[in-house]
Amino acid sequence: MTDKLNELTAAGVAVWLDDLSRVRLSSGGLDQLRREKHVAGVTTNPTIFAKALSDADEYNWQLRDLAARGIEVEESVRMLTTYDVRWACDVMRPSYDGSDGVDGRVSIEVDPRVAHDSDKTVAEAKALWWLVDRPNLYIKIPATEAGLSAITDTLAEGISVNVTLIFGLDRYSAVMEAFLSGLEQAKANGHDLSKIGSVASFFVSRVDSEVDKRLEKIGSDQAKALKGKAAVANAQLAYERYTEVFSSDRWKALAAAGAHPQRPLWASTSTKNPDYRDVIYVEELIAPGTVNTMPESVIHAYADHGETRGDTITGAYDAARKVFADLESVGVDMDDVIATLEREGVEKFEASWQELLDGVRKSLEAAAKGKGAPNKAAKGNAKGAEKAGGA
């Protein structure tokens with residue numbers, strides 16, 4: 001059988017998993033994906049953690065300990081999530097070492113409620129970096145207006161960053177500017193640039209969801225014919241900007257000092273419309289030096305029937321520009337689309353964070369009253385604690 005994920009990797013696309021849970025760690029499932037499915041990195045977000053903590057009893061032993069110590073809910077959330085991320089960093093360490101620090105990365109996000117406060121974002125990034133204490137960690141910072149300066153300041157501290165919630169081309173250009181400025185400051189501060197990594201998470205399927213909704217409302221045949229085209233075109237034009245920035249003299253000076261480029265990472269790559277091919281946001285976004293972070297279902301789907309047709313981005317710039325022109329001609333305001341998606345993206349993560357806080361609060365209260373679920377995985381978690389450096 002053809003190893004389709006290996007073909008994708010050979011084409012220059014790093015396969016990352018968009019999920020993490022204590023069950024996935026204790027069962028060895030993450031390590032199996034690394035070994036058998038070419039998974040070379042992991043991304044997380046508040047939604048993923050909210051689901052993980054609501055679905056499993058493998059957190060109960062740690063919740064009981066936190067409750068016994070009287071740890072407040074927000075700090076408990078950090079203890080629980082950084083425990084998982086630290087463990088995942090250890091699982092992915094072979095990929096990190098084998099790629100000279102490029103892959104094998106695991107991301108954890110700052111509290112989305114401070115996404116519009118640069119100083120708080122940087123302070124939390126530094127705290128998370130210290131708390132996880134692994135070289136293959138990424139701190140996720142949303143690409144809000146306030147986030148841009150936070151990205152620069154965090155990188156200047158020698159901390160690796162995953163810039164998340166990027167939807168538009170102009171904001172992406174600003175993110176790359178923030179990255180270059182951050183590395184220049186890091187160099188001035190005496191940091192080893194070869195140890196600092198970064199990706200820019202450019203969201204894909206949500207763009208189609210929002211644009212398709214507007215096209216359906218417009219209702220003309222011309223409008224409906226454009227459904228399912230905006231997201232890929234948007235990402236393709238983002239890659240064009242990436243190639244321009246990372247071939248500049250400014251970048252070459254940083255590369256000469258040991259810096260790695262900030263790779264574009266295609267996020268939100270599961271199709272929301274069942275009429276679309278389930279691996280479209282993988283197949284149509286293949287180019288060297290990119291990352292595609294996928295839910296496990298998409299990873300398995302690509303392994304089963306994905307088609308790696310070489311570079312599907314570089315030669316598509318003119319066609320992508322035509323899609324944008326056609327969208328404008330039928331009345332779709334892409335600037336408003338991007339603004340809406342950014343606002344909703346932060347709001348959704350804030351809501352998930354609140355869900356996470358509420359869930360942990362209830363669990364702590366139950367644990368304090370001695371009503372926590374039995375510790376079914378004590379031995380497995382003890383082993384995890386050893387690997388993850390403890391809570």
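The values are calculated or read from the model by the stated rules, or taken from the named source; none is laboratory data. Since the structure is predicted, the reported quantities are computational estimates derived from the model, not experimental observations. Glycine gets a Cβ as well: all are built from the backbone with ideal geometry, and neighbour counts include every protein chain shown. Only protein heavy atoms, including side chains, enter the accessible area calculation; ligands, DNA and RNA are left aside. Shrake-Rupley method; radii C 1.70, N 1.55, O 1.52, S 1.80 Å.
Structure notes:
- Identity of the residue in the stretch 342-374, surrounded by fewer than 16 Cβ atoms within 10 Å (Cβ to Cβ) and over 26 Å from VAL110 (Cα atoms), that ends up modelled with the lowest pLDDT: PRO374
- Counted as qualifying within the stretch 269-362 are the helices (runs of 4 or more DSSP H) with 1 or more residues that are without any contact (Cβ under 8 Å) to a residue 40 or more places away in the chain and closer than 18 Å to LEU8 by Cβ, namely 280-283, 296-305.
- Leading residue by the ranking (most open to solvent (accessible area, probe 1.4 Å)) among those in the stretch 122-147 that are acidic (Asp, Glu) and assigned to a helix (DSSP H, G or I): GLU145
- Members of the stretch 268-293 that are of a type in the set (Gly, Ala, Ser) and open to solvent by 10 Å² or more (accessible area, probe 1.4 Å): SER268, SER270, GLY289
- A Cβ distance below 7 Å, combined with a sequence gap of six or more or placement on separate chains, defines the contacts here; from the stretch 23-40, residues that are under 20 Å from GLY98 (Cα atoms) reach residues that are of a type in the set (D, E, K, R) and not in a helix (DSSP H, G or I) in the pairs ALA40/ASP103.
- Some residue of the stretch 109-117 being over 26 Å from ALA259 (Cβ atoms), crowded, with 18+ Cβ neighbours inside 10 Å, without any contact (Cβ under 8 Å) to a residue 24 or more places away in the chain and out of contact with any strand residue (DSSP E or B) (no Cβ under 9 Å at 6 or more places or on another chain): yes
- Against the numbered list (1) in a helix (DSSP H, G or I); (2) free of Cβ contacts under 8 Å to residues at least 60 places away in the same chain; (3) crowded, with 20+ Cβ neighbours inside 10 Å, ARG171 comes up short only at (2).
- Applying the condition of being assigned to a helix (DSSP H, G or I) and without any contact (Cβ under 8 Å) to a residue 12 or more places away in the chain to the stretch 217-236 and asking which residue is surrounded by the fewest Cβ atoms within 10 Å (Cβ to Cβ) yields ASP221.
- Residue match in the stretch 89-97 (condition: over 24 Å from GLU307 (Cα atoms), of a type in the set (D, E, K, R), at pLDDT 95 or above and open to solvent by 50 Å² or more (accessible area, probe 1.4 Å)): yes
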